[in-house]
Structure formats: C-alpha cells, structure tokens
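What follows is one structure encoded as structure tokens, with my remarks underneath.
The values are calculated or read from the model by the stated rules, or taken from the named source; none is laboratory data. Since the structure is predicted, the reported quantities are computational estimates derived from the model, not experimental observations. Cβ coordinates were reconstructed from backbone atoms using ideal geometry, including for glycine residues, and neighbour counts include every protein chain displayed.
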Amino acid sequence: MPDHDDGAATRERPEQPETEAERRRRRARFLRELAEARALRERVQPRRAKAARLRHAMRMRTFRW
C-alpha cells in the first residue's frame, strides 16, 4: 500500500527539482500549521503569549531600517 505523504514523491526522486507550485503549496501548508500552533499557544498560555507580543512590538519599534 503506497504512502500518501505529500513529500514522499519528492523524496523518492531527488534528481527532479521541486516545481514552484509544489514549493508554494508546501510553504502555504507550513504557514497554516504555524498559525494554528500560535493560536493554540495563545489559548493555552494567554499571559505568556501577550508578553511575547509586547516584546515583539517593542523590538519592532526600536529596529532601525
């Protein structure tokens, strides 16, 4: 029975470069999962998440472009 992992096809044939569409699809999935993880962390640890947001905002205010 074949494995239906999205990355399995690219791992089986490493000599073929990944297409732009595959890369964008993989990146979009990663960003969705990252956003979901952040939302879960905010629900589980709201005080720590708020502190992290405030630290990030302070870093962005003091960052020199």
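Among the residues of segment 1-11, is any modelled with pLDDT of 90 or more and of a type outside the set (Asp, Glu)?
Looking for residues that are modelled with pLDDT of 90 or more and of a type outside the set (Asp, Glu), one finds none in segment 1-11, hence no.
Of the residues making up segment 42-65, those that are touching a Lys or Arg at 6+ places or on another chain (Cβ under 9 Å) and at pLDDT below 85 number 2.
Pairs meeting the criteria (first residue in segment 19-43 and farther than 21 Å from ARG53 by Cα, second residue of a type in the set (D, E, K, R) and surrounded by 10 or more Cβ atoms within 10 Å (Cβ to Cβ), beta carbons under 9 Å, at least 6 apart or on different chains) are GLU22/ASP6; ARG25/ASP6; ARG26/ASP6; ARG26/GLU18; ARG29/ASP6.
Out of all the residues in segment 21-65, which are among the polar types (S, T, N, Q) and surrounded by 10 or more Cβ atoms within 10 Å (Cβ to Cβ)? If the condition is that a residue be among the polar types (S, T, N, Q) and surrounded by 10 or more Cβ atoms within 10 Å (Cβ to Cβ), then GLN45 is the only one that fits.
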